[in-house]
Amino acid sequence: MAAGAAEAAAAVVEVGSAQQFEELLRLRARSLLVVHFWAPWAPQCAQMNDVMAELAKEQPQVSFVKLEAEAVPEVSEKYEISSVPTFLFFKNSQKIDRLDGAHAPELTKKVQRHASSGSFPPSGNEHPKEDLSLRLKKLTHAAPCMLFMKGTPQEPRCGFSKQMVEILNKHNIQFSSFDIFSDEEVRQGLKTYSNWPTYPQLYVSGELIGGLDIIKELEASDELDTICPKAPKLEERLKVLTNKASVMLFMKGNKQEAKCGFSKQILEILNSTGVEYETFDILEDEEVRQGLKTYSNWPTYPQLYVKGELVGGLDIVKELRDNGELLPVLKGEN
């Protein structure tokens, strides 16, 4: 048993510097390289390290690497790592995929897919066709305006998806998206479900509008604005969000799972006061993440608001706590 554990530990390489990371990229260029950006303070990272150790035993041809995100900031910044755990996948020294969050089944699926040169392994428990249709119906109705695309609005992974996002943003259209690269079953099934063979695909109220060419036509004929729901003006939205609860914390992650060290510390301080508060995960909404910096004139996160007014970030909250002023401020007495 001990020998097996040692073998698994040895299979996961720990990287401590940018130079070591670049060297490893070169040395392992011929194989799939999976890099876990982690932090010692996050329990979900420890769980995913265990998952990686198991995968290393099952996939000896794949190279697995652990990199402490805050200890090697130059690598984290280069690859825009803003939360932990995050996994990057490399082949031929090039990044080919990414997974944010502690999703063990999705990590396993991505490793299997990329290790077998992009072909999906047959699934042992495939959903019956009825189940997939029901799932696709729910997904297409998940928001009033749903975009099925390659990648995410922040990181589109094909030119057509990028153009579609640009058009929707230009018209201030409120939409949610689904990355078809994250689920092969949805990617193939939606083509049949919608009788539309390509991506991106835009749905409004569960009905297919079409792909990029159709959206361009609707834009040219001024019909797009009448079909798709408009997003509320950002400033109005931020005002509503900052007033959503008497005490509102904008952070990376949520109450149950902080995704950066500063957010974790501020949660601990707030929990120690016993005051009720709500949180907003800025990693889930890029518009809010960028807009709130301007709205509050405060460039970093976390940000704490009481009755819609900015109190400040972690340093200010620590200072208020140390001076015995935090509780009156949270209760709106100061």
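The values are calculated or read from the model by the stated rules, or taken from the named source; none is laboratory data. Values in this document were obtained by computation on a predicted structure and should not be read as measured data. Ideal geometry is used to build each Cβ from the backbone, glycine not excepted, and the neighbour counts take in all protein chains shown. Remember, those area values only see protein heavy atoms, side chains included, never the ligands or the DNA or RNA. Shrake-Rupley method; radii C 1.70, N 1.55, O 1.52, S 1.80 Å.
Values computed for the structure shown
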quantity	calculated
Residues (of a type in the set (A, V, I, L, M) and not in a loop (DSSP other than H, G, I, E, B)) located in the range 66-81	Leu67, Val75
Within the range 153-169, tally of residues that are modelled with pLDDT of 90 or more and of a type in the set (D, E, K, R)	2
Qualifying residue in the range 175-195 (condition: open to solvent by less than 70 Å² (accessible area, probe 1.4 Å), small (Gly, Ala, Ser) and part of a loop (DSSP other than H, G, I, E, B))	no
The listed residue being at pLDDT below 90 and over 30 Å from Pro40 (Cα atoms), out of Lys109, Lys150	Lys150
Search result, residues across the range 289-334 that are part of a helix (DSSP H, G or I), under 21 Å from Glu235 (Cβ atoms) and open to solvent by 80 Å² or more (accessible area, probe 1.4 Å)	Gln290, Thr294, Tyr295
Hits in the range 27-43 - residues which are surrounded by fewer than 18 Cβ atoms within 10 Å (Cβ to Cβ) and closer than 18 Å to Ser76 by Cα	Pro40, Trp41
Which listed residue is assigned to a helix (DSSP H, G or I) and not acidic (Asp, Glu), from Leu107, Leu99	Leu107
Of all residues making up the range 150-170, the number that are open to solvent by less than 30 Å² (accessible area, probe 1.4 Å) and of a type outside the set (A, V, I, L, M, F, W, C)	2
Any hit, the range 56-65, residues being hydrophobic (A, V, I, L, M, F, W, C), in contact (Cβ under 8 Å) with a residue 12 or more places away in the chain, part of a loop (DSSP other than H, G, I, E, B) and within 19 Å of Ser17 (Cα to Cα)	no
Subset of the range 286-311 [closer than 21 Å to Lys255 by Cβ and more than 25 Å from the chain's Cα centre (by Cα)]	Val306, Lys307, Gly308, Leu310, Val311
Boolean, Gln44 is out of contact with any strand residue (DSSP E or B) (no Cβ under 7 Å at 6 or more places or on another chain), farther than 16 Å from Val111 by Cα, at pLDDT 90 or above and not charged (D, E, K, R)	no
Conditions (1) surrounded by fewer than 18 Cβ atoms within 10 Å (Cβ to Cβ); (2) at pLDDT 85 or above; (3) out of contact with any helix residue (DSSP H, G or I) (no Cβ under 6 Å at 6 or more places or on another chain); number of the one not met by Ala104	(3)
Test for Leu267: is it assigned to a helix (DSSP H, G or I), touching a helix residue (DSSP H, G or I) at 6+ places or on another chain (Cβ under 9 Å) and hydrophobic (A, V, I, L, M, F, W, C)	no
Flag if Tyr203 is touching a residue at least 60 places away in the same chain (Cβ under 8 Å), over 15 Å from Val288 (Cβ atoms) and aromatic (Phe, Trp, Tyr)	yes
Selection status of Glu207, surrounded by fewer than 19 Cβ atoms within 10 Å (Cβ to Cβ), acidic (Asp, Glu) and within 19 Å of Glu223 (Cβ to Cβ)	yes
Residue selected from the range 142-171 under the condition in a loop (DSSP other than H, G, I, E, B) and free of Cβ contacts under 8 Å to residues at least 60 places away in the same chain, by the criterion farthest from the chain's Cα centre (by Cα)	His171
Residue in the range 223-246 that is open to solvent by less than 70 Å² (accessible area, probe 1.4 Å) and assigned to a strand (DSSP E or B) present	no
Every residue from the range 129-149 that is of a type outside the set (A, V, I, L, M) and surrounded by fewer than 18 Cβ atoms within 10 Å (Cβ to Cβ)	Lys129, Glu130, Asp131, Ser133, Arg135, Lys137, Lys138, His141, Pro144
